[in-house]
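Comments concern the structure below.
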Amino acid sequence: MNLIDRAKKILLSPGTEWAVIDTESTTVRDLYLGYAVILAAIPPIAGVIGFSLIGVHFGSIAWRWPLDTAIEHAVVQYVLSLCSVFVLAVIIDNLAPTFGGQKNQLQALKVAVYSCTASWVAGVFLLLPALAILGLLGLYSLYLLYAGLPVLMKSPKDKALGYTVVAILCAIVLYVIVSVLAGTIISVPRYMT
């Protein structure tokens, strides 16, 4: 299945699409190169364009990141995003038995990759910083995670909510760690008008 069809189906009909994903044979390479590497690039690229080229406008004043700072931020964000998906998959896999599921590294990676679809696609709103708040639509990824865990990790439906909550809490801790790590790597943005 091509990337656009998969993204559209996971966003619009996740219930049926998770069942299809569950039966698919794939590899880590295919998940990354055919899907994650492409979609994870949307937020960083849109951020460079939005915050460096377009900028945030306050009346007649425009605030922009210098292009080198924006590119540095985008590269770090992109690499850490792809690494975070892998770490989230490890967490999902290790939590599976606790919630009556089956450990399966590839299935866990499928859940981690495909559940990020909404947050990656919502990154397009960074193109126009005034619309960046609409990036909150990416929170739909949490629902995708909730819908995918019982199907791919074979966790009973009655334990899916607990599994999702624990996975989300771990993802939040992961996000904080990644943010701190990114803050040590990325220089403080200098704004220009």
Exercise. How many Å² of accessible area per residue for the chain, probe 1.4 Å?
Worked result: 52
Exercise. Expressed as an acute angle from 0 to 90° and rounded to the nearest 10, what is the orientation of the C-alpha long axis of helix 157-185 relative to the principal long axis of the chain?
Worked result: 30
Problem set entry | With 10 Å bins from 0: P(r) over the stretch 1-46, alpha-carbon pairs, percent | 24, 54, 20, 2
Exercise. Restricting attention to the alpha-carbon atoms of the stretch 68-136, what are Rg (one decimal) and Dmax (integer), both in Å?
Worked result: 15.3, 48
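At 25 °C and 0.890 mPa s, grab the translational diffusion coefficient of the chain from Stokes-Einstein with a Kirkwood Rh over Cα pairs, rounded to a whole number in µm² per second.
Details: Rh = 17.4 Å.
Translational D for this selection: 141 µm²/s.
Which peptide among 81-92, 110-121, 7-18 comes first, and what is the full order, when sorted by highest mean count of other Cβ atoms within 10 Å? Numbers along the way, then the final one.
Numbers: 81-92: 19.2, 110-121: 24.9, 7-18: 16.9.
Result, highest mean first: 110-121, 81-92, 7-18.
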Problem set entry | GNM top mover of ILE168, ILE177, ILE42 - the chain, alpha-carbon springs below 10 Å | ILE177
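Quick one: pull the percent of accessible area on the stretch 65-118 belonging to carbon and sulfur, 1.4 Å probe, ligands and nucleic acids left out. Kindly include the intermediate steps, with their values, before the conclusion.
Details: 1480 of 2200 Å².
Accessible surface attributable to carbon and sulfur in the stretch 65-118 totals 67 percent.
I'm a student and want to see the number: the projected area of the Cα convex hull of the stretch 1-114, averaged over all directions, in nm².
On the way: hull surface 37.0 nm².
So the mean shadow area of the Cα hull is 9.3 nm².
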For this session: Give the Rg (one decimal place) followed by the Dmax (whole number) of the stretch 85-193, computed from C-alpha coordinates and expressed in Å.
Result: 16.0, 55
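The values are calculated or read from the model by the stated rules, or taken from the named source; none is laboratory data. Source: prediction; values computed, not measured. Neighbour counts are summed over all protein chains in view; Cβ atoms, including those assigned to glycine, are modelled from backbone coordinates with ideal geometry. Accessible surface areas use protein heavy atoms only, side chains included; no ligands, DNA or RNA. Shrake-Rupley method; radii C 1.70, N 1.55, O 1.52, S 1.80 Å.
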